[in-house]
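To start, the structure under review is shown below, and the notes come after it.
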Amino acid sequence: MLTIKNLHVRLEAEDKQILRGVDLTVGAGEVHAIMGPNGSGKSTLSYVLAGREGYIVTEGSATLGEQDLLVMEPEARAAAGLFLAFQYPVEIPGVGNMTFLRTALNAQRKARGEPEVSAGDFLKLVRAKAKTLQIDAEMLKRPVNVGFSGGEKKRNEILQMAVLEPRMCILDETDSGLDVDAMKLVAEGVNALRDAGRAFLVITHYQRLLDHIKPDVVHIMAAGRIIKSGGPDLALEVENNGYADLVSEAQ
Amino acid sequence: MGLVQVRQDQLAARLAGMTLPKGLEAARAQALARLHAMGLPGKRDEYWRYTDPASLNDNAATSAVAFDASDETPIFGAIDQLKLVFVDGEFDADASDDLKLAGVEISRLVETATPATWIAELFGTLEARGQKPVARPLAAMNTAFACDGVLIRVTGKATKPVSLIYVHKSENSDAMLHHCIKLETGTSLTVLESGPAAARLNKVMEVEVGVGARFHHIRAQGRDHGRRAVTHIFARLASKALFKSFTLTANGMLTRNEAVIELAGDDAVAHVAGAAMGDGAFHHDDTVFITHDALRCESRQVFKKVLKNAAVGVFQGKILVKPGAQKTDGYQISQALLLDGDSQFLAKPELEIYADDVKCSHGSTSGAIDDTALFYLRSRGVPKAAAQSLLVLAFLTQAIEEIDDEAIAEDIRSRLEGWLARHDR
């Protein structure tokens, strides 16, 4: 599904190399977790895959299925099935949450040559998905993420994911700022979307999210590279011993 | 002495060949005297520092081609209305509905040989009051010389809006319109205005809102690129009166919209809002002066401008709270979204407060489209241009929300979308 080869990325604004040769392959139906210390390049990787400006790819490739992600506009990547749940979901005053979701869904469908979803069908769809995430009608009416609590913002990200039905989902520190109950709710939302045709890349600092979203593979990232990969046990090892040993081992 | 003489000569040249129309002679003569005392506005005047009045002062209008806006349905066209059409500033009876509406008396300014008492009392009165402390000579000129316009007295709740449609045909038209509107106690009326009116327009609207009366005003100043306009709204509100005015301005070489509002009765509410969109040769100036002179009144000014390609936006907004106007609630926001580095927004918010128990706030910002929000939208699949237009509309939302009627607000929103689609970069 997602294939990243030898990806090197630096910042556009300053001469600073962030990613130094990331190799990663996520197959359909799989859940991969990326853990790593602050500044290891985890969020940069998610932004580069989603197409955010401000980064320059100096080497390597990233493909989604057969498509070269790195040459595509962000909206084209979304239409191709890539989704990034933001670490800090953006507040957009003046744009209603429903308008936003419907515009996004129909734009993606249009890009894929599919018919638009009618207002009635869309309402039904969103209400059903919102219910399972305990998102009430009031939240749907409000402007995008404006006045939402941390937990509400993250649930809203998962709602977007549920409505847009991407095949490759990247979750960038979705657990940050969440209490245990909120984290469970978000994890349940993610788990409900797990199926054979969909893959997840879960970026997190802590092992606890992975108690709720069980990964197939865990990668440790440090200094812009994946330094170690393994099963779910690797996450526990990090939880117990920290990153220091792994990082020095890799050096 | 030299400057005064220059101004007097300039005014004499401007007025050469103009004669005071018949009817309301006393009010017109007084207005002319006010104009002579003030002279024409100049670049050095405090309230004309950001807007050059030269083309408004010129003896003749600079010619402007009438814009063919037939690619869109006429604005407000779907709204049930009493239609009054003016072509190049002259009433067109054939194109207009009969001047009949339940609860509303409508006549024309040209028919004032023996004006009704309310007309004699209102015509020129609010304009004259609005001359202090800031001179508005072009409004005095209008009171003196405007031939056409409507006089509306509201005696009940109007069942549909009165719609003033201003058609621009002649390239050299130089129109002056003066409307007077009086809402008696407990009445209500919505006035719609649309169209560019002329190559150059000088328009005054005096609105007296009676006790508990409700006045809504929504205008769209047409799509002509070359036209120039100076407009004044003078309003006075009695207790518990409501006044809400919204203006959409897209294109236009020069626009100066002044609103001078006096909250004279307790618990009155006045809101003035505007959305202006300019691309290229566009200079838009909102100058607002709100006087709180009674208890517990509320005023809101919400002005938003979207500017690109060296377009210029100006906002001069003042809240004056007079001694004794306790529990005043005044709010003012003026913001510009600059779509490129060439555009300019000049803002001068002013508060002058002589009461000690008041709440007044003001804010003014100018900035670019938020890149983070833009990326967020694109990452969800919304194409760049659509995402930008969504964000521009979001920026304007606070102003559009000042329109109470949802159908009218939706119409305005669709015009803005149309403009954005046509001016996509």
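The values are calculated or read from the model by the stated rules, or taken from the named source; none is laboratory data. Keep in mind that this is a model prediction, so the values were computed, not measured. For neighbour counting, all protein chains shown are included, and Cβ atoms are generated from backbone atoms with ideal geometry for every residue, glycine included. Each accessible area value is taken on the protein alone, full model and side chains, heavy atoms only, with ligands, DNA and RNA left out. Shrake-Rupley method; radii C 1.70, N 1.55, O 1.52, S 1.80 Å.
Points worth noting:
- Tilt relative to chain A, helix A:97-111 - C-alpha long axis, 0 to 90 degrees, to 10: 70
- Cleavage-rule hits (trypsin sites (Lys or Arg not before Pro)) in the range B:154-198: DSSP loop, at most 12 neighbouring Cβ within 10 angstrom: B:Lys169
- Placing dummy labels 7 Å off each Cα toward the beta-carbon, the span from B:Ser63 to B:Ser96 is 2.9 nm.
- Restricting the range A:1-90 to trypsin sites (Lys or Arg not before Pro) that sit in a DSSP loop and have at most 16 other Cβ atoms within 10 Å of their own Cβ leaves A:Lys16.
- The distance linking the range A:65-87 with the range B:128-181 is 56 Å (Cα centroid to Cα centroid, whole angstrom).
- Between amide H atoms placed 1.01 Å from N, distances below 5 Å from A:Ile227 occur with A:Ile220, A:Met221, A:Ala222, all of them 5 or more places distant or on a separate chain.
- Euclidean distance between Cα centres, the range A:1-62 to the range B:279-302, Å: 50
- Carbon and sulfur %, accessible surface of chain B computed with the full protein complex present, 1.4 Å: 51
- Segment B:Lys22-B:Ala368, extension gain: residue separation times 0.36 nm, minus the distance between their alpha carbons: 119.4 nm
- Set B:Lys22/B:Lys43; B:Lys43/B:Lys182; B:Lys169/B:Lys304; B:Lys240/B:Lys359 screened for pairs whose C-alpha atoms are more than 25 Å apart: B:Lys22/B:Lys43; B:Lys43/B:Lys182; B:Lys169/B:Lys304
- Rounded to whole Å, sorted largest first: equivalent-ellipsoid semi-axes of the protein assembly as shown, Cα gyration tensor: 60, 24, 23
- Our compactness index for the range A:2-250, the C-alpha radius of gyration over the empirical 2.2 N^0.38 Å, is 1.00.
- Where GluC sites (Glu not before Pro) fall in DSSP loop in the range A:43-127, at most 12 other Cβ within 10 Å: A:Glu53, A:Glu66
- Whole-Hz Karplus values for the range B:212-219 come out as x, 7, 10, 10, 10, 9, 10, 9 Hz, taken residue by residue from phi with 6.51 cos²θ - 1.76 cosθ + 1.60 and θ = phi - 60°; glycine and proline positions read x.
- Cα long-axis angle, helix A:180-193 against chain A (0 to 90 degrees, to the nearest 10): 80
- Ellipticity estimate at 222 nm from DSSP helix runs (n ≥ 4, -39,500 (n - 2.57)) divided over chain B, nearest 500: -6500 deg cm²/dmol
- Cα-based helix-to-principal-axis angle, A:119-132 vs chain A, degrees rounded to 10: 50
- Shape class of the range B:2-422 from the alpha-carbon gyration tensor: rounded, with the ratio a/c of largest to smallest axis under 1.5.
- A straight line joining the Cα centroids of the range A:212-227 and the range A:159-192 runs 18 Å.
- Dividing the summed helix terms, -39500 (n - 2.57) for each DSSP H run of n ≥ 4, by the number of residues in chain A produces a 222 nm estimate of -11500 deg cm²/dmol to the nearest 500.
- Amide H to amide H, with H built 1.01 Å from N, A:Ile34 comes under 5 Å of A:Val202, A:Ile203, A:Thr204, A:His219, counting only residues 5 or more places away or on other chains.
- Of the DSSP H helices in chain B, those with a Cα length along their own long axis of 18 Å or more and a mean Kyte-Doolittle hydropathy reaching 0.5 comprise B:384-400.
- Taking 7 Å steps out from each Cα toward its Cβ at B:Lys384 and B:Ser70 produces label points 3.6 nm apart.
- Fluctuation leader among A:Gly51, A:Gly231, A:Gly120 - chain A, Gaussian network, Cα springs under 10 angstrom: A:Gly120
- Chain B: most fluctuating residue of B:Ala250, B:Ala235, B:Ala27 per GNM, C-alpha cutoff 10 Å: B:Ala27
- Springs join every pair of Cα atoms under 10 Å in this Gaussian network model of chain A, and among A:Val31, A:Val90, A:Val126 the largest mean-square fluctuation is at A:Val90.
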